[in-house]
């Protein structure tokens, strides 16, 4: 068992996007999944990208935005929604609201915190 406090989360910042790795190799060496909380500030974008060998499930916790999908497609997302991306699915997010868009990303198998492959 691992019991983790927020002091043990790994944090990264990109322009307008903050990541907190809650469960990842640095603090809970799971071979099955990682959990990251992502905050996208109003008007900011987490660019389209893909993970060749990992699936992700996103659970929207707060705010509203637009999913950025393959071939320029988009889909609205808001607090309470969930979406799953299979291995290799193109995905990103644009915060279209006036408050931060916050979501949990559950990734299996775990991926490290290096930048994903752009789409």
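The values are calculated or read from the model by the stated rules, or taken from the named source; none is laboratory data. From a predicted model like this one, the values you see are computed outputs, not experimental measurements. Glycine also receives a Cβ, built like all others from the backbone with ideal geometry; neighbour counts cover every protein chain displayed.
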Reported set for the stretch 50-70 where residues are under 13 Å from the mean Cα position of the chain (by Cα) and part of a loop (DSSP other than H, G, I, E, B) is 51, 54
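What are the residues in the stretch 16-48 that are farther than 22 Å from residue 79 by Cα and either out of contact with any helix residue (DSSP H, G or I) (no Cβ under 6 Å at 6 or more places or on another chain) or part of a strand (DSSP E or B) (or both), if any?
Of the residues in the stretch 16-48, the ones farther than 22 Å from residue 79 by Cα are 24-33.
Within the stretch 16-48, 24, 25, 26, 28, 29, 30, 31, 32, 33 meet the criteria.
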Taking the stretch 86-111 and keeping only residues that are assigned to a loop (DSSP other than H, G, I, E, B) and either surrounded by 18 or more Cβ atoms within 10 Å (Cβ to Cβ) or in contact with a strand residue (DSSP E or B) (Cβ under 6 Å, 6 or more places away or on another chain) (or both), one is left with 86, 87, 88, 90, 96, 97, 100, 110, 111
Margin query: Can you find a residue that is modelled with pLDDT under 95, part of a strand (DSSP E or B) and touching a strand residue (DSSP E or B) at 6+ places or on another chain (Cβ under 7 Å) anywhere in the stretch 71-79?
Written below: no
